[in-house]
Amino acid sequence: MMEEKEGAEEQQRFSYRQRLKAAVHYTVGCLCEEVASDKEVQFSKQTIAAISEVTFRQCENFARDLEMFARHAKRSTINTEDVKLLARRSNSLNTMSETGHRLQCVRMASLWHPQF
Amino acid sequence: MRGRGSGRRAQGSLAEGAGAGLRKARVLAAVMEETGAGFRKELVSKLLHLHFKEDKTKVSGDALQLTAELLKIFVIEAAIRSVRQAQAEELGCVDLDQLEKVLPQLLLDF
């Protein structure tokens, strides 16, 4: 009886995870399509699936790091300063021009600028 | 600008904090609306919570939006670097081979 219940819970966790992966896959597909039409190339389905898989796994790194940063600052709520720390390597990031601007905004958005 | 700032400070730091947050949110919203697709806040929240070790860990709304933006940048970087690789190899289609070549550096850069 207990084993059945545990099995069902395991199944639920798995389905939930799969649903999240599917949601990520959808968004990744949309973003790749924007890039594809802009650059006039095509992405194979496997490539989109692979980017989606990598992105899903990157979320795990982000989540763990963010939780640790907040905890290090003795907070239980993750804030923009923590996200800014997450993007710290972006200083040496040789991003393409399309994303360089966006990264700059991420860095700036987490700062307090009176003139904004 | 400075004069206005100090005038607002007289109203109390709470009001100033709220005003600052609103201004920041407007700037952020303007940036986010630039391109179509993106990660929804609820999805990002679920993705993060899936991997938290502590039950009490929460994420502020602003932090969620920024994380969504960071994820979007990650995906676009992966896509664009793969495209550049395909273009260098004079291919019209971006396949796993091209992604595999750019993935290591991408992960190191993030």
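The values are calculated or read from the model by the stated rules, or taken from the named source; none is laboratory data. Computed from a predicted model, the values in this text were never measured in an experiment. Here the Cβ is made from the backbone with ideal geometry for all residues, glycine too, and neighbour counts use every protein chain on show.
List the pairs whose first member sits in region B:39-53 and is more than 8 Å from every other protein chain (Cβ to nearest Cβ) and without any contact (Cβ under 8 Å) to a residue 24 or more places away in the chain, whose second member is assigned to a helix (DSSP H, G or I) and surrounded by 14 or more Cβ atoms within 10 Å (Cβ to Cβ), and whose Cβ atoms are under 8 Å apart, counting only residues at least 6 apart or on separate chains?
B:S45/B:L64
Scan region A:93-102 and give yes if some residue there is within 9 Å of another protein chain (Cβ to nearest Cβ), at pLDDT 90 or above and in a helix (DSSP H, G or I), otherwise no. Spell out how you get there, then give the answer.
In the first step, residues of region A:93-102 are kept if they are within 9 Å of another protein chain (Cβ to nearest Cβ); the result is A:93-96, A:98-99, A:101-102.
Narrowing the set further to residues that are at pLDDT 90 or above leaves none.
No.
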